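Chemist: Pasting a structure below so you can have a look.
The values are calculated or read from the model by the stated rules, or taken from the named source; none is laboratory data. Small disclaimer: the values here were computed from a predicted structure and weren't measured. Here the Cβ positions follow ideal geometry from the backbone for every residue, glycine too, while neighbour counts run over all protein chains shown.
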Amino acid sequence: MEKLYEGKAKILYPEGENLRVYFKDEATAFNAQKRGLIPGKGVVNNKVSSALFRYLQAHGIKTHFIRELSDREMLVKRVEIVPLEVILRYRAAGSFAKRYGVEEGTPLRAPLVEFSLKSDALGDPLICENAILALGLAEERELSEIRATTLKVGELLRAFFAERGLDLWDFKLEFGRHGGEILLADEISPDTMRLRKNGEPLDKDRFRRDLGGVEEAYQEVLKRVLGE
């Protein structure tokens with residue numbers, strides 16, 4: 001089947017009016033400056049994302065997800081991606097901790113929503129809401145809906161993982177336009193969030209920081225998400 005698009009972690013194929021998403025085992029970090037392979041990552045991210053999309057849809061969140069097709073593939077609605085990465089933080093970590101000189105793991109007084117311009121060439125820089133509106137990247141009503149949906153998704157995911165013995169520190173979302181609606185898109189997986197078990201990372205931080213046990217961490221997240 002002819003590829004529509006291939007990114008760092010996924011390949012998109014046309015499937016009628018929809019898209020077939022294939023999840024790869026390749027891993028990248030630091031704006032693709034670090035590359036590697038995590039065996040089975042594509043299966044984990046597909047199954048975790050599928051399960052979380054179903055969970056969020058059952059709680060009223062509108063997403064692009066249609067159904068899981070195979071171990072590595074899902075069917076989604078074709079959306080026009082809003083060129084923003086939306087980050088919700090509950091604790092200081094990663095670039096945030098470094099940027100402000102805050103100790104890793106410090107709880108934030110309130111959930112913090114940040115926006116980054118989705119641009120590998122520019123290094124996905126932070127962007128304020130006024131700049132988003134000034135550049136026409138999103139309308140004010142869209143931005144308001146994206147912010148509200150992100151906070152709701154955060155509440156749902158935090159509760160979901162807490163029931164499974166995991167602490168959600170932060171996560172990244174992407175959104176798309178479809179039929180006049182804003183839909184949650186992309187993926188929700190150990191690639192796009194920070195999950196801790198007794199303070200130990202079970203996410204891509206293990207790859208970023210050469211902590212070892214990356215494959216085992218991803219598999220543990222999958223087992224906990226699926227309740228195995």
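Chemist: Touching an Asp or Glu at 6+ places or on another chain (Cβ under 9 Å) and within 23 Å of GLU155 (Cβ to Cβ), is that true of LEU112?
Modeler: Numbers: touching an Asp or Glu at 6+ places or on another chain (Cβ under 9 Å): yes; within 23 Å of GLU155 (Cβ to Cβ): yes.
It is true that LEU112 is touching an Asp or Glu at 6+ places or on another chain (Cβ under 9 Å) and within 23 Å of GLU155 (Cβ to Cβ).
Chemist: Still on this structure: Among the numbered conditions (1) under 19 Å from the mean Cα position of the chain (by Cα); (2) more than 24 Å from ILE66 (Cβ to Cβ); (3) modelled with pLDDT of 95 or more; (4) acidic (Asp, Glu), tell me where GLU140 comes up short.
Modeler: With respect to (1) under 19 Å from the mean Cα position of the chain (by Cα); (2) more than 24 Å from ILE66 (Cβ to Cβ); (3) modelled with pLDDT of 95 or more; (4) acidic (Asp, Glu), GLU140 is out only on (1).
This table checks each residue for (1) of a type in the set (A, V, I, L, M); (2) under 27 Å from LEU126 (Cβ atoms); (3) touching an Asp or Glu at 6+ places or on another chain (Cβ under 9 Å); (4) not assigned by TED's automatic domain parsing to the domain that holds GLU181.
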{"residue": "ALA51", "(1), (2), (3), (4)": "yes, no, yes, yes"}
{"residue": "LEU56", "(1), (2), (3), (4)": "yes, yes, no, yes"}
{"residue": "ALA93", "(1), (2), (3), (4)": "yes, yes, yes, no"}
{"residue": "VAL102", "(1), (2), (3), (4)": "yes, yes, no, no"}
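Chemist: Separate question: Give the stretch 180-228 a look and list any residue that's surrounded by 18 or more Cβ atoms within 10 Å (Cβ to Cβ) and in a loop (DSSP other than H, G, I, E, B), or say none.
Modeler: Correct list: ASP186, GLU187, ILE188, SER189, PRO190, ASP191, THR192, LEU202, ASP203, LYS204.
Chemist: Of the residues in the stretch 1-14, how many are modelled with pLDDT of 95 or more and surrounded by 15 or more Cβ atoms within 10 Å (Cβ to Cβ)?
Modeler: Within the stretch 1-14, residues that are modelled with pLDDT of 95 or more and surrounded by 15 or more Cβ atoms within 10 Å (Cβ to Cβ) number 4.
Chemist: Moving to a separate point now. Exactly one condition in (1) part of a helix (DSSP H, G or I); (2) modelled with pLDDT under 95 is false for THR150; which is it?
Modeler: For THR150, the failing item is (2).
Chemist: Which condition number in (1) over 18 Å from ARG89 (Cβ atoms); (2) touching a helix residue (DSSP H, G or I) at 6+ places or on another chain (Cβ under 8 Å); (3) not small (Gly, Ala, Ser) is the one that ASP210 fails?
Modeler: (2)
Chemist: Select, from VAL76, VAL48, the only residue that is more than 22 Å from ARG208 (Cα to Cα) and of a type in the set (Val, Ile, Thr).
Modeler: Answer to the selection: VAL76.
Chemist: Test ARG35 against the stated conditions and say whether it is outside the structural domain of GLU142 (by TED's automatic domain parsing), among the basic types (Lys, Arg) and modelled with pLDDT under 95. So that I can check it myself, show each step before the final result.
Modeler: On the way: outside the structural domain of GLU142 (by TED's automatic domain parsing): yes; among the basic types (Lys, Arg): yes; modelled with pLDDT under 95: yes.
So ARG35 fits the description; yes.
Chemist: Follow-up. Quick one: LEU173 ticks every box in (1) free of Cβ contacts under 8 Å to residues at least 40 places away in the same chain; (2) not in a helix (DSSP H, G or I) except a single one, so which number is it?
Modeler: (1)
Chemist: From the residues in the stretch 78-105 that are among the hydrophobic types (A, V, I, L, M, F, W, C) and within 19 Å of PHE30 (Cβ to Cβ), which one is surrounded by the fewest Cβ atoms within 10 Å (Cβ to Cβ)?
Modeler: Checking each candidate, the answer is ALA97.
Chemist: Going by the conditions given, is LYS47 charged (D, E, K, R), within 26 Å of GLY227 (Cβ to Cβ), crowded, with 16+ Cβ neighbours inside 10 Å and modelled with pLDDT of 95 or more?
Modeler: yes
Chemist: Hey, another quick one. Residues LEU143, LEU108: which one is in contact with a Phe, Trp or Tyr (Cβ under 9 Å, 6 or more places away or on another chain), in a strand (DSSP E or B) and over 24 Å from ASN31 (Cβ atoms)?
Modeler: None of the other options fit; the residue is LEU108.
Chemist: Give LEU173, LEU157, LEU137 a once-over and let me know the one that is surrounded by 13 or more Cβ atoms within 10 Å (Cβ to Cβ) and either more than 22 Å from ALA9 (Cβ to Cβ) or of a type in the set (Ser, Thr, Tyr) (or both).
Modeler: LEU137
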